[in-house]
Amino acid sequence: MIGDITSDLGGANNISEAERVLVRRAAMMTLQAELMEQRFSENENGAASSQQIECYGRNTNTLRRTLEALGLQRRARDVSDGVYDASDDLIEDDDLRAYNAAAERHRLARESTP
């Protein structure tokens, strides 16, 4: 997710540190929304309490605003020099590790639930 959003913004070499922070937040909010959706789908008829729907709505609205701050349109990468640098597609190792750790914790919690 972090890599995809970063790529949409033109690559790691084309974003500021502030944008990098927002990319991490957007990825985490996306993960949280997907986790909530999964929990809803496991309930009978996809039911969710009003508190769960309120939390989901707040998360989704915050995610939308974060993505709007980043820009919802893909940015073209400058390739006028004709040289492709694969490092443009790289993301910070710490960002990727944090996202993967959160996803793994969720997977393990889900597997341990009867």
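Applying the condition of being outside any loop (DSSP other than H, G, I, E, B) and free of Cβ contacts under 8 Å to residues at least 12 places away in the same chain to segment 1-36 and asking which residue is surrounded by the fewest Cβ atoms within 10 Å (Cβ to Cβ) yields GLU17.
Only one of the listed residues (GLU44, GLU19, GLU34) is closer than 15 Å to HIS106 by Cβ and among the acidic types (Asp, Glu). That residue is GLU34.
Throughout, read-outs are computed from the coordinates displayed, never taken from laboratory work. This one's a predicted model, so the numbers in the text were calculated from it and none came from an experiment. Using ideal geometry, Cβ is built from the backbone for each residue, glycine included, and neighbour counts are taken over all protein chains shown.
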